[in-house]
1. Quick one: net charge around LEU423, please, counting Lys, Arg +1 and Asp, Glu -1 for every other residue with C-beta under 14 Å from its C-beta.
2. Taking 7 Å along the Cα-to-C-beta vector as the label spot, tell me the ASP484-THR195 distance in nanometres, rounded to one decimal.
3. How would you order 43-52, 476-485 from highest to lowest mean count of nearby Cβ atoms within 10 Å?
4. Each residue of the range 118-130 in turn: what ³J(HN,Hα) in whole Hz from Karplus with 6.51, -1.76, 1.60 and θ = phi - 60°, glycine and Pro shown as x?
5. Quote to one decimal, in nm, the extra length available between ARG282 and THR393 on full extension: 0.36 nm per residue of separation minus the C-alpha distance between them.
6. Per residue of the range 43-57, what does 6.51 cos²θ - 1.76 cosθ + 1.60 with θ = phi - 60° give for ³J(HN,Hα)? Whole Hz please, x for Gly and Pro, Karplus curve as stated.
7. Under the definition of Cα pairs under 8 Å and six or more residues apart, what whole-number percent is the relative contact order of the range 407-508?
8. For GLY101, what is the net charge nearby, where nearby means another residue's Cβ is under 10 Å from its Cβ and Lys, Arg count +1, Asp, Glu -1?
Amino acid sequence: MSIPALLERARRTWPDRCALIDADSGRRYGFPELVDEVFAFSTRLLAACGTQPGDRVALLGDATPAFLFADYGVMSAGRVRVSLDPALDPAEQLAQLRDSGAKVLLYCPSHADRVQALRPALADCGIDARPLDSLDTAAGAVPPDAPPPVPCEPGWIAALNYTGGTTGTPKAVVHTHGSYCAALHNIVAARRPWTGDRMLNVRPLWPIAAISLLAHLLQGGTLILGAHFEPRRFLDLVARYRPTCTSLVPTHLVRILRALPEGHAGLDSLACIEIGAAAMPRELFEQAVAVFGPVFSVIYGLTEAPWTCYRPPAATAELLADPAGTLGLVGPTTDRADIAIGDGQAPLPPGTVGEVLIRGAHVMQGYWNQPGLTAAVLDGGWFHSGDLGCLDTQGRLRIQGRAKAIIRTGGKSVQPAEVEQVLCSHPSVLEAAVVGIADPEWGEIVAAAIVARPGTRPGGDDLAAFCRERLSTHKRPRRLVFMDALPRSHYGKVLTRKIQDVIAAARQD
């Protein structure tokens, strides 16, 4: 199965249903019209850009219908979609474009200034940069009900999804049409039937969220594209469109709760709020349930292995009754996913903490052009997630921490080594250790311990300005402490916990 084949099936299955509503314009698209738009984009892309199957086509844009059609359309044309995070700085975006070997960059009008600044570098790389709407007349009129222009195969690469940082070497997760379709099957099987339900989306569509929305479409649901998140706007959209489900990160919830007027009403249409990207602190979870009701579900997965576990809203009562005993519980595996705890050779018994290993058709093919790293994480037929967890006697996974020290802040991932590299490039910094600090709004924030070079005294303001020029906003340290030396074990390993304790103590002073 492939992405265009699933879209074709949705067009036939739901000919009379509304598939998409653009909250900005109010325009509605039926399933036939949505799929026609996607396949028409594919046809125009093939006519305009002279690419070959497997060529990479990058996208830079916002959560608009045009971007969604392009996202599905690139893959339906047999090309490889490379979706860029608009929040990254130009150097990071350029690093990803170079690493992917993209032939074409298509962008929404709101990003024209960014692309214009990059044009000399893009030209040097041979990248053809075009606005999305420049393809509108490339192939003339495309008839309705046209089939997909390319017969995509399950083994073809569908997308490169960049994760973590790119100050060093960019790292792109490779997903095929087959692995995406397996992930879609998993989440469709895990959710209750949503035929006719309305999903409000206020999250970016990169790098993989558009596929999650496709799962809703495959159940006959309606998508409401609400563009960017803003708490009061979110509340207005819920009151206007009465969605039955949405997807948020904990940072969104904090801001919504702050923005709620007294005597709030109009939230009762929401029967499911999916939470991902970070665990909710107990206090936030209880506050959210008090406002929205027991409607929260959790999807656990990584870009490399999306939608591996699912905890439905029905589990909310158990979490409220035993918040300490259920901390980190992300539920059982989805239909075609397997999990083991340990090294993949001899699974550890229930309740034993070890590395979470994942297996299934939804797991990535590997990392783009990084065979060594791919072999290291796809060892023995299992994906080694870097997460620490345990399975209970019911086969449910509980996340206990991370073996790999990735910081997840506001729904985004930060590689500490990337921030450390930038800090250590400052002439007054001898060493730096970057850690995540728990935060009720962001999940975690980035913090750093600094050891100055002898004879220098770097200031916090100076380092903050230095980072502003070199790091995207979500990667910049929000707290800095200065130390005479980094605490280390007798093996020489930096003791992250001690640094976190020092930073926490400094905040209280």
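1. Taking every other residue near LEU423 into account, the sum is +2.
2. For ASP484 paired with THR195, the spin-label model returns 7.2 nm.
3. Details: 43-52: 18.2, 476-485: 15.9.
Listed from highest to lowest mean packing, they are 43-52, 476-485.
4. These are the phi-based 3J(HN,Hα) values: 8, 4, x, 5, 5, 5, 4, 8, x, 9, 7, 9, 9 Hz.
5. Details: separation 111, 0.36 × 111 = 39.96 nm, distance 2.34 nm.
Value of the extension gain: 37.6 nm.
6. Per-residue couplings from phi come out as 4, 5, 4, 5, 6, 8, 10, x, 9, 10, x, x, 5, 8, 10 Hz.
7. 27 percent
8. On the way: positive: ARG56, ARG98, LYS103; negative: ASP55, ASP99.
Residues near GLY101 contribute +1 overall.
Just so you know, all these numbers are worked out from the coordinates, no wet-lab data involved. Since this is a predicted model, take the numbers as computed values, not measurements. Note: ideal-geometry Cβ built from the backbone for every residue, glycine included; neighbour counts use all protein chains shown.
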